[in-house]
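Below is one structure, written out as structure tokens; the observations come after it.
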Amino acid sequence: MREKRAKWGLIFCLPFLATFLIFQFYPILYSLYLSFTYQENSRTFIFTGLDNYQDLLHDAVFWKSVANTWKIWLMCFIPQLVAALLLAVLLTQYRIRGAGFFRAVFYLPNLVTAASVGVLFAALFDWQTGSVNGILQSLGLIEEKVNWMGSPAFAQGITGFIQWWMWFGYSSILLTAGITAISQEIIDASVVDGANNWQRLYRITLPLLKPTLLYVLVTSLIGGMQIFDIPMTLTKGDGEPQKSLMTMVLYLYNMAFKNKDYSYGATISYGLFIIILLFSILFFKVLYGKKEEG
Amino acid sequence: MKRRIATLLTCALMAASLTACGSGPSATPAPSSEQTAENTTETTGGGEQVSSEESGDGDAADVSADAESYSGTIQVWSWTNDPEYQIAAFEKAYPNIKVEFTQIGTDYDTKMQTIVDNETEGPDVFYADVKTVKNYIESEAWENLSANPYNADVSNTVPYCVELASDEEGNLRAMTYQATPGGFWYKRDLALEYLGTDDPAEISQMLSTMDGVLETAEKIKVASNGETHMFASYQDLWNMANYGMRSKPWVEDGQFILDDYVAEFFDLAKTIRDNGYDAKLDWWSDAWYSAAADKSIFGYTLPTWGLLNVMQTGAPDSKGNWAIASLPTSYFNGGSYLGIYQKSENKDLAWLYIDFVCNNEEYLKQYAVDKADYTSSISVNEAVSEGYVNEWCKDQNTIEFFTGELDKINTSIVTKYDDVIGNLMLSNIDLYLNGTLSKEEALEQFKADVAGNYRSLTVE
């Protein structure tokens, strides 16, 4: 009986297993192989061991792309968490009328594809014809048109802002779910003990929300480290100005597919993989460590 | 009370998140998908036609007696819809051959190159933009058309088109139906107003040297009180200077060569920007297209297909107001090349298709008239040129103009690196122009960028 069950279990797993092996596992291994080779021409790969990784460690652009990616992620994640937390608390603790409506509206930007948002913002902040410059000029706030996307700091800032705008609604829904899951008994008990709203927030809601916060953190980190579409569409793929929008994945894409250096592209992707892995382990350690304590 | 404050806060946040959303589409229309594709892939448009789509049947195609004896199906891939016209004509000439056309708009070259590199199943014939032709030749993607059984006759083909599509041994690997020499397209009314003449010969005379170009730009600026800029962007001139002014290829024997002209071009760009000779518009942006209809720019540095794809799109009411003049050197830009994929199983039919589209004179004459394109066939251009008047350019014979430009085109320094390296240079010039880097820093960073992008090259 048990054997029969195992057989059916395996059969039901097969479709997933087959697609995973063919479309994910094989490419993962093949990329690993590529990262140990040197591409002489479009079809000849020569095994060179760890040469590519040595190049990667000394590649200023790669490290710049790592720094850019972190900068953009932090610029998006910190405001995102603050806004999401604020909204989640406002919409649950105060029982606002039409909370569902607000939640839907905040979630809306997340439904638009990132690529179109990138194109939209590129048009808004266009140097000569963008509406932002147009509005500022007609209000008399600026005299000369500002070359927004010519400034590295601003380019990174706007990317962070777009990411924030697209994702705070999503995070706030996750946090709302986390807050709603807090047992009413604990809250009642705190109210009986005389806790006011602030104390409720600091002593009850936030501590009990930690697992959700960490979940939001880890998923946002994994997504943020792979940011690609917005810099791609904002800069037409070149990551300018001053490579300030050259993120890790954009660099990977450019090296592998624009410059046709598949070996190095694969090496960058493993560099990216190691970075994400290290930080995910770190955060998960924190997450499960806390759980054991509780 | 508290609840009311909370509601207010929520509303404020919502307002903040929606303003970004609301002002966008109304004020600045997002580019159409077609232009987006152009932006992201940075194709030069290679003759993408936007005129009303004629069925392409015409009565031009000559149906030889045994045309009906060929039968089968071939696959044709391209990134534009140009082949639709050609396929319609071909299927009429060869009624028993069916052509299945696939248009791949986005990342065409990435996909095509991957197929070619892995030698997987693919089309029988595929198109390539002139910028990528050298890549496909190096990857041995295409059949040798100089050899048996094709023995392509190129005696009637514009020579530079043959040079570009040949491999290092001089074997022809692809053919094209269009030659794409360029010049400077300008607005006649503005020329008359600011320069006192709209005659292409006189304007060509003014633009025959780089000093002359700058002088003319200054004249336009003064006469228009700064309202009209000669160029959309300083990058316009790179189009011409890329092959026209540099004397050495970017890469020779695996070594990157920084031509002396590059530093000169940095200065030229600076002069143009600082004097307000360019309108600082990005190539292929919406504003760039619509500048065809207003007074913000005097003209465009574009090749043959510019009139159809840019001016007629941006200013549909400007018929008769254009003319084209020579610049200090001639240049080419864009052009679609067709080759037979090595892994094709219908190579004989594939060759019939290419031979028809690129060499059939009767068909090409009809094509040249229907599409107002300049063909790669010397005899067809000669025949069409007689008494030809381009209605969009008042009374100018643009075919004659392009034929005159052909001889000056230099293809000896074309490499497969040109597009990427050229863009790296322009990015660094932008940093120099906006003051982020000094000229020396920008040149150094340009070299570093080349080394970073091509690890196999030696950069000193």
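The values are calculated or read from the model by the stated rules, or taken from the named source; none is laboratory data. Worth saying up front: this structure is predicted, and the values here are computed from it rather than measured. Using ideal geometry, Cβ is built from the backbone for each residue, glycine included, and neighbour counts are taken over all protein chains shown.
Is it the case that some residue within the stretch B:302-316 is closer than 25 Å to A:Thr235 by Cα, within 12 Å of chain A (Cβ to nearest Cβ), touching a Phe, Trp or Tyr at 6+ places or on another chain (Cβ under 6 Å) and free of Cβ contacts under 8 Å to residues at least 60 places away in the same chain? No: the stretch B:302-316 contains no residue that is closer than 25 Å to A:Thr235 by Cα, within 12 Å of chain A (Cβ to nearest Cβ), touching a Phe, Trp or Tyr at 6+ places or on another chain (Cβ under 6 Å) and free of Cβ contacts under 8 Å to residues at least 60 places away in the same chain.
Pairing residues of the stretch B:244-269 that are assigned by TED's automatic domain parsing to the domain that holds B:Glu440 with residues that are basic (Lys, Arg) and assigned to a helix (DSSP H, G or I), at Cβ distances under 9 Å and at least 6 apart in sequence or on separate chains, gives B:Phe256/B:Lys447; B:Leu258/B:Lys447; B:Ala263/B:Lys439; B:Phe266/B:Lys439; B:Asp267/B:Lys439.
Evaluate the stretch A:55-69: report whether one residue or more is part of a loop (DSSP other than H, G, I, E, B) and either in contact with a helix residue (DSSP H, G or I) (Cβ under 6 Å, 6 or more places away or on another chain) or closer than 23 Å to A:Ile268 by Cβ (or both). Spell out how you get there, then give the answer.
Step one: filter the stretch A:55-69 for residues part of a loop (DSSP other than H, G, I, E, B), giving A:58-59.
Subsequent filtering for residues that are either in contact with a helix residue (DSSP H, G or I) (Cβ under 6 Å, 6 or more places away or on another chain) or closer than 23 Å to A:Ile268 by Cβ (or both) retains A:58-59.
Yes.
Determine, yes or no, whether A:Leu213 is in a helix (DSSP H, G or I), closer than 29 Å to A:Phe45 by Cα, within 17 Å of the chain's Cα centre (by Cα) and modelled with pLDDT of 85 or more. When the stated conditions are applied, A:Leu213 does not pass them. Scanning the stretch A:243-276 for residues that are farther than 18 Å from A:Pro27 by Cα, surrounded by fewer than 21 Cβ atoms within 10 Å (Cβ to Cβ) and within 9 Å of chain B (Cβ to nearest Cβ) turns up A:Lys258, A:Asn259.
Specify the residue that is surrounded by the most Cβ atoms within 10 Å (Cβ to Cβ); the eligible residues are those in the stretch B:117-143 that are assigned to a helix (DSSP H, G or I) and touching a helix residue (DSSP H, G or I) at 6+ places or on another chain (Cβ under 7 Å).
Just the residues of the stretch B:117-143 that are assigned to a helix (DSSP H, G or I), to begin with: B:117-118, B:130-138.
Imposing the further condition that a residue be touching a helix residue (DSSP H, G or I) at 6+ places or on another chain (Cβ under 7 Å) reduces the set to B:130-133, B:135-136.
Working: B:Val130: 26, B:Lys131: 21, B:Thr132: 20, B:Val133: 24, B:Asn135: 20, B:Tyr136: 24.
Ranking the qualifying residues of the stretch B:117-143, first place goes to B:Val130.
Does B:Ala201 satisfy the condition of being closer than 30 Å to B:Glu362 by Cα and either in the same structural domain as B:Asp317 (by TED's automatic domain parsing) or in contact (Cβ under 8 Å) with a residue 60 or more places away in the chain (or both)? In short, no.
Restricting to the stretch B:98-116, name every residue that is of a type in the set (D, E, K, R) and crowded, with 17+ Cβ neighbours inside 10 Å. Lay out the reasoning, then the answer.
We begin by selecting, within the stretch B:98-116, every residue of a type in the set (D, E, K, R); these are B:98, B:100, B:107, B:109, B:111.
The answer is B:Asp109, and nothing else.
Restricting to the stretch B:423-453, name every residue that is of a type in the set (A, V, I, L, M) and in contact with an Asp or Glu (Cβ under 6 Å, 6 or more places away or on another chain).
Residues of the stretch B:423-453 of a type in the set (A, V, I, L, M): B:424-426, B:429, B:431, B:433, B:437, B:442-443, B:448, B:450-451.
Across the stretch B:423-453, the qualifying residue is only B:Leu424.
What single numbered condition from (1) crowded, with 18+ Cβ neighbours inside 10 Å; (2) out of contact with any Leu (no Cβ under 7 Å at 6 or more places or on another chain); (3) more than 30 Å from B:Tyr341 (Cβ to Cβ) fails to hold for B:Trp185? Tallying (1) crowded, with 18+ Cβ neighbours inside 10 Å; (2) out of contact with any Leu (no Cβ under 7 Å at 6 or more places or on another chain); (3) more than 30 Å from B:Tyr341 (Cβ to Cβ), B:Trp185 fails exactly one: (2). Looking across the stretch B:250-278, the residues that are in contact with a helix residue (DSSP H, G or I) (Cβ under 8 Å, 6 or more places away or on another chain) and part of a loop (DSSP other than H, G, I, E, B) come down to B:Trp250, B:Leu258, B:Asn275, B:Gly276, B:Tyr277.
Got at least one residue in the stretch B:244-262 being of a type in the set (S, T, N, Q) and within 19 Å of the chain's Cα centre (by Cα)? Explain how you work it out, then say what you get.
Narrowing the stretch B:244-262 to residues of a type in the set (S, T, N, Q): B:247, B:255.
Next, only the ones that are within 19 Å of the chain's Cα centre (by Cα) stay: none.
No, the stretch B:244-262 has no match at all.
Within the stretch A:74-82, does at least one residue satisfy the condition of being modelled with pLDDT under 90, assigned to a helix (DSSP H, G or I), buried (at least 18 other Cβ atoms within 10 Å of the Cβ) and more than 10 Å from chain B (Cβ to nearest Cβ)? The answer is no; no qualifying residue exists.
Would you check if there is a residue in the stretch B:359-366 being out of contact with any Asp or Glu (no Cβ under 9 Å at 6 or more places or on another chain), at pLDDT 90 or above and not in a loop (DSSP other than H, G, I, E, B)? Talk me through it step by step, then tell me what you get.
Within the stretch B:359-366, the first condition is being out of contact with any Asp or Glu (no Cβ under 9 Å at 6 or more places or on another chain), and the residues that meet it are B:364-365.
Subset that is at pLDDT 90 or above: B:364-365.
Next, from what is left, pick out any that are not in a loop (DSSP other than H, G, I, E, B): B:364-365.
Yes, the stretch B:359-366 contains a residue that is out of contact with any Asp or Glu (no Cβ under 9 Å at 6 or more places or on another chain), at pLDDT 90 or above and not in a loop (DSSP other than H, G, I, E, B).
Looking across the stretch A:126-150, the residues that are surrounded by 15 or more Cβ atoms within 10 Å (Cβ to Cβ) and more than 8 Å from chain B (Cβ to nearest Cβ) come down to A:Val132, A:Asn133, A:Leu136, A:Lys145, A:Val146, A:Trp148, A:Met149.
Of everything listed in (1) assigned to a helix (DSSP H, G or I); (2) surrounded by 15 or more Cβ atoms within 10 Å (Cβ to Cβ); (3) in the same structural domain as B:Phe90 (by TED's automatic domain parsing), the single unmet condition for B:Ser379 is (2).
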